[in-house]
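*Asks:* Handing you a structure now.
The values are calculated or read from the model by the stated rules, or taken from the named source; none is laboratory data. Computed from a predicted model, the values in this text were never measured in an experiment. No Cβ is skipped: glycine too gets one built from the backbone with ideal geometry, and neighbour counts run over all protein chains shown. The protein model used for the area step is the full one, side chains on, heavy atoms only, and it has no ligands, DNA or RNA in it. Shrake-Rupley method; radii C 1.70, N 1.55, O 1.52, S 1.80 Å.
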Amino acid sequence: MDQYPLPSDETEIYRHIVESARDYAIFAMNRDGTVVTWSAGAERLFGYSPPEIIGQSGAAIFTFEDQLAGAMLKELRLALTTGRADDNRWHVKKDGSSFWASGLMMPLRNDAGETYGLLKIVRDRTQMLHEDETRRASEERLQLILKSAIDYAIFAFDRDGRIISWNTGACRIFGYEEDEILGRDARILFVPEDRNEGALEREMKTAAERGRAENERFHLRKDGSTFWGSGLTMPLRAQRAGYLKVLRDDTERHFAEEHQQIMLREMSHRVKNSLALVAAMLAMQARSTKQEEVGQALRDAEARVGTIAQVHDQLWRQPDIETVDLADFLSSLCQRLQQSASRHAVSVNADPCMVDADRAIQIALLVNELVTNAFKHAYPDVSGAVTVSARSIADEIRLEVADDGRGLPPEVLSFENDGKSLGMKIVRALVQQLKAEMNIEDRAPGTGFVIRLPREG
C-alpha cells in the first residue's frame, strides 16, 4: 500500500480532517450566529453551497418552531456559558425538507483564551428515530412554544379552515378557550366584510404559493369587539395538514399611525391654506402697484407660491401624503398655468410615476418657471403652445418643456446673466437640488428644455 507523508502544516491537517468528515456538518459561526465557514459535509447534509450560506444567520437551518422559540440563541448562550451545548432536534435543508439531527456547539477560543466564535457539529440521525416518536416530539415542542407565547395568538387550521390547535395567547387575544374553538371554522375570527370577500381563502392561497402571507386587518373577538391584528400565515409543509397563523394585537399602534396620518393631513391642509393666503396677498400687491416691473415680479412670486400650495392641496386629498403621482400632478399644475394665461395652450403627456412630496415640489417649481418663461419670452406678443412631457425610464425621469415660439433671448439662457433672469436662476438651482442634468435645445422654431433626473433623490 502506498504511504504518503503527513503535511508539515498542522493547520492543513485540521482542514483535511474537517473536509474528510463528510457524514458530519461542521461549520463555524461568529458570536452573533453568522456562518463564517462551511464544510463539505455541511454542504452535503444541508444542501447549501459555501457562497450561499456564509454570511447568513445560522438560524436558516432551524425549523420555524425553533426559530420562534429562539433555539439558536439559547444554544449560543449555553455554549458560551458552559463550554458546550448538546441538542437533538429537527433541522431544515435548503430544499425545505427536514431531518432529525444530533448536534454539538462549542466555543472557539484563541491562544489567549478569548472566545471569538462557535463551532457546531451536526449529524443526521433520522434513521434512528421512529416516525411516531418524531411526531410526538415535534408536537410537544410546538405545544411548549405555543403556551409560552402569550403575546401572540398562534393557531393552526386545516385546508378547510377548521381550527386544529389554539395557544394561550389566542385565548387571551380572541377570548375563546381552547375547548370551545377547536374544530370550528377560522372564518369566525374575521369581520363579516372580510369573511364575505374570502380573506381567509386569499391568505391560504398566498401562503401556499409564496410560503407566507402577511396580513393586517381588523379581527373579531368572541364578545363581538374588534381589534387590529398584524398576522403571518404559513403552510404546515411537513405534515401537509394545513396552515399556521401567528397574530398580534396591534390596535394601539394602528390607531396611533392613523391619528398621525390625520394630523399630517391637517397640517398639510393648513400649510396649503396659508400659502394660498400669501399668494392672494401678492396678487393684490401686484394689482395695486403702478410700476410694471414690480407688478410682474409680484405676479411671478404669486405663481411660485401658488404652485407650492397646489402640491400641498393634492397631498392632503390623496391616500398617501408622502408621495405624488407625477402624471396627475403635472396635468393639474399645467391646467392652472393655462388658466392664468388663457391666450396660451399647455399640453401634458406624462407617464404614471410616484415621486416623494419634496421632489414633487421641486419639479413643480421647475415646470412652473419653464412654462411661464415660455409664455413671456417665446410668445411675448402672440398666443402659443407649450408642451410638457415626463417619461419614466428605469430609475430615471426624462422631463421636457418645449415651445415653438421665437426662442428665448440670450440673456435668459446665459449661465452668467447678471441677475437679468431670476426665473433661470431658480431653474438652475432646482436642477442642482434634484441632482439632474439639463440640456437647452434651440429647435428653430422654439426652444426645448430637457431635464434628466433620478426617480429618487
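*Asks:* Contact list please: Cβ distance under 6 Å, first residue in region 26-38 and part of a loop (DSSP other than H, G, I, E, B), second residue open to solvent by 50 Å² or more (accessible area, probe 1.4 Å), pairs at least six apart or on different chains.
*Replies:* That search, which allows pairs on different chains as well, returns N30/V36; G33/S57.
*Asks:* For region 311-328: of the residues being modelled with pLDDT of 70 or more and not charged (D, E, K, R), which is farthest from Q339 (Cα to Cα)?
*Replies:* T323
*Asks:* Out of region 378-405, which residues are touching a Pro at 6+ places or on another chain (Cβ under 9 Å), closer than 21 Å to K425 by Cα and surrounded by fewer than 21 Cβ atoms within 10 Å (Cβ to Cβ)?
*Replies:* Matches in region 378-405: none.
*Asks:* Under the condition of being touching a helix residue (DSSP H, G or I) at 6+ places or on another chain (Cβ under 9 Å) and not in a helix (DSSP H, G or I), which residue from region 41-69 is nearest to T233 (Cα to Cα)?
*Replies:* Checking each candidate, the answer is T63.
*Asks:* If I filter region 71-129 down to residues being part of a helix (DSSP H, G or I), open to solvent by 80 Å² or more (accessible area, probe 1.4 Å) and not hydrophobic (A, V, I, L, M, F, W, C), which single residue comes out as modelled with the lowest pLDDT?
*Replies:* Taking the candidates together, the pick is Q127.
*Asks:* Can we say F449 is at pLDDT below 85, under 22 Å from D300 (Cα atoms) and of a type in the set (F, W, Y)?
*Replies:* Spelling it out, it is not the case that F449 is at pLDDT below 85, under 22 Å from D300 (Cα atoms) and of a type in the set (F, W, Y).
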